[in-house]
Amino acid sequence: MQDRLVFLIGAPRSGTTLTTRMLGSHARIYAPAEPHLMPPLAHLGYHERVDRAPYDPVITQIGLREFVGALPGGEADYLEALRRATDHLYGRALEAAGGGDLLFLDKTPAYALVLDFLVRLYPDARYIVLTRHPVAIWSSIVDSFFDGDHAAAHAHNPVLERYVPALARFLRYAAVRKLHLRYEDLVADPERHMRDLCAFLGIDFDPGMIDYGARSGGVQTAARGLGDPVTVSRESRPTTSSVDKWTEALGRDPQRLAQAREIVARLTDPDLRTLGYDAAGIRSELAAIAPREAGPGAARMGRYALERRLLVMARRHTGEGQPLGRMVRFVRYACDVLLR
């Protein structure tokens, strides 16, 4: 199964959905919605553990480590058991998609936070690491998931502080078959980089991968799932329109600009350099942005924007001490599942 598995690793809002739609339009690649198989397995207790659970995670980890330690192969036996389960699930999914010589493309951004475990489980799989300008990622998350509320976005998920070090460490140290691609390079020259990706995966390049929108609806391109339902489905091929969009958003909001500068200051130069970005250059870009008044009018409130606004409201009003009760907590749960 490892020869048929391809993991697309990247932070949320870094272009993973676009890349998946392009790769998934190839006849040899099955690219379903994000399966999210790995984070729960990683946090079962042996390698990682959850901080809060309806059982005692400390005792669970102690017991599991003692049990696994007594197995003839120790951790290797435990990993083999997990691998048999995931191999079976991946294999059955490929059978349902047509079998044959299909590759399984697993695009789940959360995998970037359990890469040590994933590499133990699948050391011989192939890994595509997609990176994007860090401030562009953060700004996109603020707008897409938090209706422009930058403070709520960072409090809920300090995405850059989590993903930048994890991706950099993986690129530097993981001894696996991997290919690093920057989002900005992909959208600027999609054919060149799709050819590189096909060569890496051992498949022939298909020109139709560039115009991925022309092949939507097939089993191969069912990549939307929990991913991005906005730009990728609105466009039919890669576009550079979103590359510099973050500078406009920060220029309209001085507080958001100030927070972006604070976040970037916490990232290390070596990590950013490993991801393909110059720390000094990013700081210069932020320093060059002059805050200005927002233009007249407001963005059209479409269905997606309305859903996001409801999500933000639910997150704000279901914290400790909030009296809105079970109904709002259920709405929040539904929003998190359906919209993330």
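Readers should treat all values here as calculations from the given coordinates under stated rules, not as data from a laboratory. Keep in mind the model is a prediction, meaning the values are calculated, not measured. Glycine also receives a Cβ, built like all others from the backbone with ideal geometry; neighbour counts cover every protein chain displayed.
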* Structure fact -> Taking only Cα atoms of segment 70-156, the Rg to Rh ratio with Kirkwood Rh works out at 1.12
* Expressed as a whole number of Å, what is the distance separating the alpha-carbon centroids of segment 151-192 and segment 49-86? -> 29
* Structure fact -> Length gained, Glu66-His156, 0.36 nm per residue minus C-alpha separation, equals 28.9 nm
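On a full-extension model of 0.36 nm per residue, what is the gain between Arg92 and Ala33, subtracting their alpha-carbon distance, rounded to one decimal in nm?
On the way: separation 59, 0.36 × 59 = 21.24 nm, distance 1.51 nm.
In short, 19.7 nm is gained.
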* With a ≥ b ≥ c the root eigenvalues of the C-alpha gyration tensor of segment 85-212, is it rounded (a/c under 1.5), prolate (a/b larger than b/c) or oblate? -> prolate
* Cα-based shape type of segment 171-213, given that a ≥ b ≥ c are square roots of the gyration tensor eigenvalues and the cut on a/c is 1.5 -> oblate
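Stretch Arg266-Glu75 to full length: gain in nm at 0.36 nm per residue minus the Cα-Cα span? Intermediate values should be presented prior to the final figure.
Values: separation 191, 0.36 × 191 = 68.76 nm, distance 3.53 nm.
Additional length available on full extension: 65.2 nm.
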* To do: Report the FRET efficiency, 1/(1 + (r/R0)^6), for Glu48 and Asp3, where r is their Cβ-Cβ distance and R0 is 25 Å, rounded to 0.05.
  => 0.40
* **Long-range HN-HN contacts of His180 with modeled amide H, under 5 Å** => Val129
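Determine the shape class of segment 1-81: with a ≥ b ≥ c the square roots of the Cα gyration tensor eigenvalues, call it rounded for a/c under 1.5, and otherwise prolate if a/b is greater than b/c, oblate otherwise. Intermediate results must be reported in sequence, preceding the final value.
Numbers: a/c = 4.06, a/b = 1.89, b/c = 2.15.
The shape class here is oblate.
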